[in-house]
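Participant: Input: one structure, supplied below.
Each reported figure results from applying straightforward, stated rules to the coordinates on display, with no laboratory input. All values derive from a computational prediction rather than experimental measurement. Please note: Cβ atoms are built from the backbone with ideal geometry, for glycine as well, and neighbour counts cover all protein chains shown.
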Amino acid sequence: MAENQKLKIAIQKSGRLAEGSTELLRRCGIRFNNGHGKLKSEAADFPLEIYFLRDDDIPNHVADGVADIGIVGENVLAESPREEVDVIEKLGFGRCRLSLAVPKGFAYSSLHDLDGKRIATSYPGVLGEFLASNGINAEIHEISGSVEIAPSIGLADAVCDLVSSGSTLFSNGLREVETVMQSQAVLIARPRLNDEVNSILEKLLFRIRSVMAARQNKYILLNAPEEKAAEIAAILPGMRSPTMMPLADAGWVSIHSVIEEHDFWEVVDSLKRAGAEGILVLSIDQMIR
Ligand code: PRT
Ligand code: ZN
């Protein structure tokens, strides 16, 4: 029986989280066929069943036990919170924010300008809480799609919608004025999975964390004159200390290390100033700590 146990994951069938979810599993070494119209697939080399669903249904199906875990936006969870679902990892993709926006001609200076106004949104729950906690009394119009056109057809004075680049708001003559919440894709799970399923989840989580650590880091290789090596090594923290190897050219060494992506350009500038040459920067597939 233990051998037959599988972990069931629900991911978005198509849409903005579909590619990120598939790519994350692929980087975890999990291959599966997600051909058109498929509801379900089995991984070739990992005890995992993959269900392809609409994002809005994922928290319910995890809560009900159709799936054990799922990948969904924090915005979806915030709108319909489920006690039976735990967030176990933030996944760093599908980033967006839920924002309030007003037509360009609207003289907006503070949230109080929205008092008594009509706001169109697909997130009445999150917006309602935000307005209440800020003491704003506005009328919420729930609409399920194309929220951005509501002001121009006279349905609302303002909107509250998801934004990533901002181009949808801009091309509809709207201006973003407040952030209601930040969101990204997260891994959710039903608490109290049985021991076998839980140990498969632990294995998957270990791989996911290695992939995420790798994404935040780069592998850097460079050449340096021997007399500059100590100064350069001090700029490169690495996982322990940098690796240093002599080059065939006397008086030169090759230095290898891992650096964090967010301070990448600053580190490269300091390295160049310190005399580094032939700098190569590589992506890392997995990083096992
Ligand atoms: O069919 P299904 O129900 O599964 O999909 P869906 O249409 O409900 O969702 P989908 O695929 O649009 O989004 C899935 C998830 O992706 C959302 O729940 C968010 O967590 C996340 N996400 C990230 C976004 C965006 N970025 C985003 N920009 N979801 C929607 N948008 C929309 C937004 O609503 C607006 O219409 O994109 C437009 C704005 O984009 P910009 O770049 O013009 O600002
Ligand atoms: Zn949806």
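Participant: From the backbone phi of the range 249-256, what are the Karplus-calculated ³J(HN,Hα) couplings (6.51 cos²θ - 1.76 cosθ + 1.60, θ = phi - 60°) in whole Hz, Gly and Pro given as x?
Facilitator: Result, ordered by residue: 5, 4, x, 10, 10, 9, 10, 10 Hz.
Participant: For the chain, what is the number of Lys pairs with C-alpha distance below 30 angstrom, counting only pairs 8 or more positions apart or on separate chains?
Facilitator: For the chain, the number of qualifying lysine pairs is 23.
Participant: If you don't mind, another one. What length, rounded to one decimal in nm, is gained on full extension from Asp269 through to Asp195, with 0.36 nm per residue of separation minus their alpha-carbon distance?
Facilitator: Gain on extension, Asp269 to Asp195, equals 21.7 nm.
Participant: Would you please give the residues with an amide H less than 5 Å from that of Arg118, counting only those at least 5 places away or on a separate chain, with H modeled from the backbone geometry?
Facilitator: Glu139, Asp157, Ala158
Participant: In the Gaussian network model of the chain, springs joining C-alpha atoms below 10 Å, which of Gln184, Gln216, Gln12 carries the largest mean-square fluctuation?
Facilitator: The residue that fluctuates most here is Gln216.
Participant: Turning to a different aspect of this structure: Sticking with the crude label model, points 7 Å out along Cα→Cβ, report the distance from Leu221 to Ser152 in nm, one decimal please.
Facilitator: 5.3
Participant: Taking 0.36 nm per residue of sequence separation and subtracting the Cα-Cα distance, how much length would be gained by fully extending the chain between Glu89 and Arg209, in nm to one decimal?
Facilitator: 42.3 nm
Participant: Now for a separate question. Using only C-alpha positions, report the orientation-averaged shadow area of the convex hull of the chain, nm², one decimal.
Facilitator: 20.9
Participant: On to the next question. Count the net charge of all other residues whose Cβ sits under 10 Å from the Cβ of Ala224, scoring Lys and Arg as +1 and Asp and Glu as -1.
Facilitator: -3
Participant: Taking θ = phi - 60°, what integer Hz values does the Karplus form 6.51 cos²θ - 1.76 cosθ + 1.60 yield along the range 105-117, in sequence order, with x for Gly and Pro?
Facilitator: x, 6, 7, 9, 10, 8, 3, 5, 5, 8, 4, x, 8
Participant: While we're on this one: May I ask you to evaluate 6.51 cos²θ - 1.76 cosθ + 1.60, the Karplus curve with θ = phi - 60°, for each residue of the range 206-223 and list the ³J(HN,Hα) values in order in whole Hz, giving x for glycine and proline?
Facilitator: These are the phi-based 3J(HN,Hα) values: 4, 5, 4, 5, 5, 5, 5, 4, 4, 4, 8, 10, 10, 9, 10, 10, 7, 10 Hz.
Participant: Long-range amide H contacts for Ile88: which residues qualify at under 5 Å (H placed 1.01 Å from N, peptide plane, sequence gap of 5 or more or a different chain)?
Facilitator: Leu187, Ile188, Ala189
Participant: May I pose another question? What whole number of Å gives the distance from the Cα centroid of the range 20-90 to the Cα centroid of the range 155-178?
Facilitator: Between the Cα centre of the range 155-178 and that of the range 20-90, the gap is 29 Å.
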